[in-house]
Structures are given as C-alpha cells and as structure tokens.
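The structure appears right after this line, and notes come after that.
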Amino acid sequence: MTTGRRNITSSTPDAADPSPPSEASEPRRRVKAPETRAAALMDAAERLFIEKGIATTSIDDIAAGAQVAKGTFYLYFPSKEALLGALQQRFVDSFCARLQEAMDRHRPEDHHGRIKAWVETGLETYLDNVALHDVVFHEYRPEDRRMRNDNAVITQLVGLLKHGDAAGVWEVEDPTLTAVILFNALHGVADDAVAMGLATGPGPERRRRAKALTRFFEHALRPDDDDGDDEAA
C-alpha cells in the first residue's frame with residue numbers, strides 16, 4: 001500500500017501502478033530563512049527559560065519548541081550558554097531601542113525632557129520585562145562585571161550626559177562613572193518595586209518612582225543648584 005498522493009498529471013487512475021509518487025506530489029516541509037530559524041530558537045528558549053528555568057531546559061526542548069531539528073540548533077549556537085548570551089544581547093538592544101525612541105520624541109536641545117524620558121521608559125521597560133530580565137541575567141561571575149557596566153544602556157546614557165554637559169545644562173565631571181551610578185540607581189528602584197510586589201502594570205506607584213528617580217538624576221547632575229537652595233533657605 002502506498003501512502004503518497006498520486007501524481008496530478010496522471011490521466012487515468014491505476015491502482016496497481018507500482019511507481020513511487022513524484023517529489024512534486026509530496027507535501028514539502030516549509031524551510032525557514034536562517035535569520036528566522038535563529039529567532040525561533042531564541043524565542044523558544046526565552047519562553048522555556050521563563051517557564052522551566054535555564055538548568056532544566058535542554059537543547060532538545062529548545063529545538064522542539066522552535067520546531068526545528070536538534071542539529072539545526074548547533075548551526076546557530078555552539079551551546080546553551082551561547083544562546084543565553086544572544087538573549088542577553090537582544091534584551092539590551094531592545095531596551096536601548098525603546099529608550100532611544102522615547103528620547104527622540106523630544107528635541108535634541110531639550111535635555112531635561114530627554115533625561116526624563118530615559119528614566120521613565122527605562123523603569124517601565126524593566127518592570128514590564130522583569131521575568132525575562134531575571135532569567136537571562138540570572139547570574140554574574142566576576143569576569144562579567146566589566147560587561148555589566150560597559151553595556152550599551154550605560155553607553156547611551158553617557159552620550160546623553162555629555163550632550164547636556166556640553167550645552168551647559170548640567171555639570172558632569174566623569175560621564176561614565178556618573179552613568180554607572182545613575183543606571184544602578186534605576187536598577188535599584190526597579191528591584192525594590194519588584195520586591196515590594198509593585199511591579200505589575202502601569203499606575204501611580206510607577207509614576208511616583210519615576211518622578212523620584214528623575215529628581216534624583218537632576219539633583220545629581222546639578223549639585224550647585226542644591227547648594228544655592230540650601231543657602232537661600
């Protein structure tokens with residue numbers, strides 16, 4: 001018995017025809033483009049890492065979740081750790097893109113508006129993606145500390161601080177160190193919201209935290225203004 005369909009060019013049916021079905025009559029598996037396969041693997045890993053954890057998710061699980069053969073995994077990633085690194089980079093790239101989009105809604109010379117947009121969007125994006133963030137950045141080894149501080153988010157903030165300093169809007173003696181401090185301030189406020197169970201959905205608590213962070217940023221960047229206020233008081 002044959003299980004394949006008949007050649008559609010056959011003019012007369014012949015149940016006894018022993019010839020195999022032509023390739024054209026066989027259903028073909030859809031072949032994904034390379035970039036699509038890589039994204040599918042990353043999407044599947046992301047979902048499974050959140051659901052099951054990294055340690056209990058196998059490469060077989062990821063390949064099955066992406067609907068590709070296990071061998072296909074190794075065409076794009078030499079190991080699960082390499083795929084995790086790609087997920088980290090994708091998270092950072094997406095994070096930076098959202099920050100840039102928010103800042104670009106303000107004129108280049110509107111430094112206060114741009115720093116406020118950076119803070120509000122950074123906090124919102126972190127809290128909206130905290131589960132993903134926690135799973136892909138689940139551990140830091142000593143050799144990772146430079147990567148943590150020398151990342152694209154901090155580099156983006158350094159540029160913002162330098163532009164404001166050059167325009168005389170604020171004073172920044174060491175833009176890189178200042179960016180590291182401010183980035184970790186945002187990170188700490190977001191982590192505190194998560195620990196307090198206040199990370200779900202937009203609302204007054206997020207706005208309160210974003211406002212406090214923005215004031216902290218502004219005060220940190222214009223310390224002379226604080227001194228003047230103290231003297232006036």
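Worth a mention:
- On the beta carbon distance between Thr176 and Val130, with R0 = 22 Å, the FRET formula returns roughly 0.25.
- R0 of 22 Å, Cβ-Cβ distance His106-Arg222: FRET efficiency to nearest 0.05: 0.75
- Couplings for segment 87-100, taken from phi via the Karplus curve 6.51 cos²θ - 1.76 cosθ + 1.60 with θ = phi - 60°, read 5, 4, 5, 5, 4, 5, 4, 5, 4, 5, 5, 5, 5, 5 Hz in order; Gly and Pro are left as x.
Computed from the coordinates by the stated procedures, all read-outs in this text should not be read as laboratory data. Everything numeric in this text was worked out from a predicted model, so none of it was measured. Note that we place each Cβ from the backbone using ideal geometry, even for glycine, and neighbour counts take in every protein chain shown.
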